[in-house]
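The values are calculated or read from the model by the stated rules, or taken from the named source; none is laboratory data. Here the structure is a predicted model, which means the values were calculated and not measured. Glycine gets a Cβ as well: all are built from the backbone with ideal geometry, and neighbour counts include every protein chain shown. The protein model used for the area step is the full one, side chains on, heavy atoms only, and it has no ligands, DNA or RNA in it. Shrake-Rupley method; radii C 1.70, N 1.55, O 1.52, S 1.80 Å.
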Amino acid sequence: MGYRAIYDGWKADPEAFWMQAAHGISWAKAPSRALNDARAPLYEWFTDAEVNTCYNAVDRHVEAGHGDRIAIIYDSPVTHSKREINYAELQTRVASLAGALRTKGVQKGDRVIIYMPMVPEALEAMLACARLGAIHSVVFGGFAAAELAVRIDDCTPRAIIAASCGIEPNRVVHYKPLLDSAIDMATHKPDFCVILQREQEVAALVEGRDVAWHTFQYGVTPAECVPVSGDHPAYILYTSGTTGAPKGVVRPTAGHLVALNWTMRAIYDCGGGDVFWAASDVGWVVGHSYICYAPLIAGSTTVVFEGKPVGTPDAGTFWRVIAEHGVRAFFTAPTALRAIKREDPDGKLPQNYDLSHLNAVYLAGERADPDTVIWAQTHLKVPVIDHWWQTETGYAIAANPLGIEALPVKIGSPTVAMPGYDVQVLDEGGHPVPAGQLGAIAIKLPLPPGTLPTLWGAEDRFKKSYLSHFPGYYETGDAGYIDDDGYLYIMARTDDVINVAGHRLSTGAMEEVLAGHKDVAECCVVGVADALKGQSPVGFLCLNIGAARAAADVVAECVALMREKIGPVADFKRAVVVDRLPKTRSGKILRGTIVKIADGTEWKMPATIDDPVILDEITAALKSLGYAKL
Ligand code: COA
Ligand code: AMP
């Protein structure tokens, strides 16, 4: 069956579609039905089932006789090491870690924060939580202690599992002091912390609170898999929203298993024994779904890569990994390819490697610009598939489903809606617009299995953020259009979220940080176009009257403050002091106009502007930063 028949089949009978997909999962108690709409517009899936995620990702493959198949390939150019772990070893390691956690009191429903770099132990920690029915929340290593503290207070973990350090090409990231200061800042205190000591930096342990990864597991009884109900939260992953408070996206257990398993064949055309590589980080949703869970649920081999697209040691690293490990499906962010293309514009390096196992390259996380897609198509000689998704959904909303049918690629479009998603483009009044017309992208409820049922401890915020603007729909926060062939085009965000190097960040959160500087009276942060990172944050600061400080000093302090409060991942390096911000007569800052001036795109003087002269000052300020050249 082709894509159209499958999509139409889903639409005609979603219940039958998902019950069929559920056959790919090994249940402790099989579901009697798929959708539970008892609390509409809040929906759950497979609620009466019982299942364990770790069993599906690990144990069942060993029981099926595939224990010696490689589950994880660890390839770390930053530490010059490589390691393979087969499914049987993974089972032993995860059962032991889970047993140790259980001995210290972790049980079903408890939260566990994981703060680790790209090492196999990060996946083992996630799987050990899943084995016990504990709810993990992985925090990306590029966040500052303050961000970690916010997450500790929001999900109140019984334990935190961390590594002593992470390794960036230019420095060692001292995870342990960051963890210690986050715990100091947080109101909630975990019962204990498990620390993986890395040889690059051995951390000092806090007596009575910290235990070392290996010592902690010594002599414990391995834990078996604990079945949980289908709607049990598998994990919480925090993502940027409009304000400084991150949203805790909840992932439900059974829907997650069913949907991810379905995508592995339908979208990525991979199954047992195939090598799958998502060059992301376990701290992001791509890492959760496609470094850890989906490849393992499908019995594939996943690559855990600790390095960068360039500089570790060169722009050929990705091709070396693909060749050396026989990668079939490769997933990365457009920004990573842009970084490579900048160093290897003629695509010479891929020619040095045997890429014959590679079937396709998948891009997501930000808009895939045509130049980058064409460069990759030309030099890698495989289909380059843009697909669109969000932390909230956990897998692709729109894609080119290569495992079903390779649809014609239209560069600039992540292709078509996947079964489960009725994607529509709406006008401000919530009415569908004709093909080709720009509008807000919304998804008709219910969302499919595996997508967020709510935000952790914040059901009202969930309803307000996603369900209230367009009743009957989930509001994606993206704007775009659908063409006559049903292809989607994602053009921009409708909120304060920006995308920097494939990392989702909130300008609202950054403004809160800047506003906390004693000399800043008013500020705004916008995302301007960046040739490498897609977007880059730029801050505008108005100082308090009487703040007799050099503008350059305040800017430098604000840059440092952002690094301290949000972390290096914010990549906030450019800010400028101005007298006033451009506003409408009702006081709304004209952020959109600032972005257009910075990007050199066509803009019109807003009819509602309070004082047009201010835009001259903004233009001059942007020029001083190297923007607004046109
Ligand atoms: N832990 C600690 N710090 C981290 C980090 C981590 N896991 N990841 C990034 N950082 C730091 C970097 O060291 C850098 O710090 P610096 O300001 O001291 O140099 C800062 O955060 C910004 O990092 P990054 O956005 O990675 O920029 P870069 O200039 O170092 O590298 C690219 C540019 C394009 C190579 C890089 O951004 C990249 O590989 N992007 C792809 C991202 C990706 O795959 N995202 C997947 C989402 S699906
Ligand atoms: P995240 O939650 O970090 O995955 O970021 C989700 C956001 O990234 C989406 O809402 C989009 O704005 C953007 N995004 C992700 N994938 C794509 C894509 N293929 N094309 C355009 N934008 C994308």
Over the chain, give the accessible area per residue in Å² for a 1.4 Å probe, as an integer.
38 Å²
Sum of side-chain charges, A376 neighbourhood, beta-carbon under 13 Å (Lys, Arg +1; Asp, Glu -1)
-1
Cα centroid separation - region 469-527 against region 12-50, whole Å
33 Å
Net dipole in debye of region 53-143 [+1 Lys, Arg Cβ; -1 Asp, Glu Cβ; about Cα centre; nearest 20]:
280 debye
Plugging the Kirkwood radius over Cα pairs into Stokes-Einstein for the chain, at a temperature of 10 °C and a viscosity of 1.306 mPa s, what D comes out in µm²/s?
63 µm²/s
Alpha-carbon centroid distance for the pair region 326-390 / region 401-433, whole angstrom
22 Å
Is there a quick way to get the dipole size of the chain? I mean about its Cα centre, with the Cβ of Lys and Arg at +1 and of Asp and Glu at -1; what is the value in debye to the nearest 20?
340 debye
Mean Cα-pair separation over length for region 124-276, i.e. relative contact order, pairs under 8 Å, 6 or more apart, %
22 percent
Let me have the 222 nm mean residue ellipticity of the chain computed from DSSP H runs of 4+ only, each contributing -39500 (n - 2.57), with the sum over all residues rounded to the nearest 500.
-8000 deg cm²/dmol
If you keep only loop residues by DSSP, which chymotrypsin sites (Phe, Trp or Tyr not before Pro) in region 207-285 have at most 12 other Cβ atoms within 10 Å of their Cβ?
Y218
Counting pairs of alpha carbon atoms under 8 Å apart in space and at least six apart in sequence, what relative contact order in percent does region 1-160 give?
16 percent
Gained length - K604 relative to V206, 0.36 nm times residue gap less alpha-carbon distance:
137.4 nm
Honestly region 340-466 on the Cα gyration tensor test (a ≥ b ≥ c root eigenvalues; a/c under 1.5 rounded, otherwise a/b vs b/c for prolate or oblate) is just prolate
Any idea what diffusion coefficient region 112-189 gets from Stokes-Einstein, in µm²/s, Kirkwood Rh on alpha carbon pairs, 20 °C, 1.002 mPa s?
170 µm²/s
Dipole of the chain, positive end: most advanced residue of I490, N52, P350 [Cβ charges, Cα centre]:
N52
Those trypsin sites (Lys or Arg not before Pro) from region 539-572 that are DSSP loop and have at most 15 other Cβ neighbours within 10 Å turn out to be R549
Out of the total accessible area of the chain (probe 1.4 Å, heavy atoms of protein only), what percent is carbon and sulfur?
52 percent
For region 570-630 and region 535-549, compute the distance between their C-alpha centroids and round to whole Å.
13 Å
For region 51-123, build the charge dipole from Cβ charges (+1 Lys, Arg; -1 Asp, Glu) around the Cα centre, then report which of V106, I72, A88 sits farthest towards its positive end.
V106
For the chain, build the charge dipole from Cβ charges (+1 Lys, Arg; -1 Asp, Glu) around the Cα centre, then report which of S164, Q437, C129 sits farthest towards its positive end.
S164
